[in-house]
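What follows is one structure encoded as structure tokens, with my remarks underneath.
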Amino acid sequence: MAFKAVIFDLDGVLVDTAKYHFIAWQKIASELGISFSKADNEHLKGVSRVKSLELILSWHNKSLSPSEFEAALKRKNEIYLEYIYTLQPNEIMPGVVPFLEELKKLGIPIAVGSASKNAPLILDKLGLTPYFKSIVDGNSVSKAKPDPEVFLVAAQKLETAPEDCLVFEDAQAGIDAAVAGKMTAVAIDPEHQLKNHHAHLVGFEGVSYHSLTQLLSA
């Protein structure tokens, strides 16, 4: 199976930033007087900031006024950005750069499709921006995953039909979004927890275009 374009999720796929989302949400939860665990954080992968806070509150039957809700969102992002501004290249996921280099040499267009509104900042901090023809993030779309909007917009910007796009995701909402968009979904899933994908990888180490096409054809 060949593919004409590739779309990457960001957090947990290209960059090891998921841990900073956890720290930030845990601090927000603590300030609100509720608990937030790593297991809870797993349910927020690929989910927008607004929806994440809605879920956290719903788990504890807690409500906030509109102004309190907006303040909590702002505070979460401020905590997260404190860590993002200190990002180092070693936080790029192993094997990602060689794989991006190979796709670039092969002339395969690449995009990011992420719920994160900080995607451009993160990619700039790590020097990854030049690899991508387009960055579609939470500022570019109105519907969160599992709605396929973010990936469909990315495919459009890559000038490629959705069925010719390959998507890398580490969250069930993202896998479901890719499949709903008629794209080929590859799960980056060391724990083997995700479902409904077309192929599975532990990570990008040792992955090449050739090995990936073989995997998808199997």
Exercise. State all residues of the stretch 79-120 that are among the acidic types (Asp, Glu) and under 19 Å from the mean Cα position of the chain (by Cα); if no residue qualifies, say none.
Key: 91
Practice problem: Can you tell me which residue within the stretch 21-48, out of those that are among the small types (Gly, Ala, Ser) and assigned to a loop (DSSP other than H, G, I, E, B), is surrounded by the fewest Cβ atoms within 10 Å (Cβ to Cβ)? | Solution: 33
Quiz item: Do the conditions hold for residue 185, that is, is it assigned to a loop (DSSP other than H, G, I, E, B), open to solvent by less than 70 Å² (accessible area, probe 1.4 Å) and among the hydrophobic types (A, V, I, L, M, F, W, C)?
Solution: no
Quiz item: What is the number of the single condition among (1) at pLDDT 95 or above; (2) surrounded by fewer than 22 Cβ atoms within 10 Å (Cβ to Cβ); (3) touching an Asp or Glu at 6+ places or on another chain (Cβ under 7 Å) that residue 5 does not meet?
Solution: (2)
Quiz item: Would a scan of the stretch 49-64 turn up a residue that is crowded, with 19+ Cβ neighbours inside 10 Å and closer than 14 Å to residue 8 by Cβ?
Solution: no
Exercise. Kindly list the number of the only condition in (1) crowded, with 17+ Cβ neighbours inside 10 Å; (2) in contact with a Lys or Arg (Cβ under 8 Å, 6 or more places away or on another chain) that fails for residue 17.
Key: (2)
Exercise. Please work out which one of (1) farther than 20 Å from residue 134 by Cα; (2) under 13 Å from the mean Cα position of the chain (by Cα) is the condition residue 32 fails and give its number.
Key: (2)
Quiz item: For the stretch 41-65, how many residues meet the condition of being over 16 Å from the mean Cα position of the chain (by Cα) and either of a type in the set (Lys, Arg) or modelled with pLDDT under 95 (or both)?
Solution: 1
Quiz item: Under 6 Å by Cβ, and 6 or more places apart or on different chains, what pairs join a residue from the stretch 194-216 that is in a loop (DSSP other than H, G, I, E, B) with one that is of a type outside the set (S, T, N, Q) and at pLDDT below 95?
Solution: 202/190
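The values are calculated or read from the model by the stated rules, or taken from the named source; none is laboratory data. Remember, it's a predicted structure, so these values are computed and weren't measured experimentally. Cβ atoms come from the backbone with ideal geometry, glycine included; neighbour counts cover every protein chain shown. Surface areas here come from the heavy atoms of the whole protein model, side chains and all, with no ligands, DNA or RNA. Shrake-Rupley method; radii C 1.70, N 1.55, O 1.52, S 1.80 Å.
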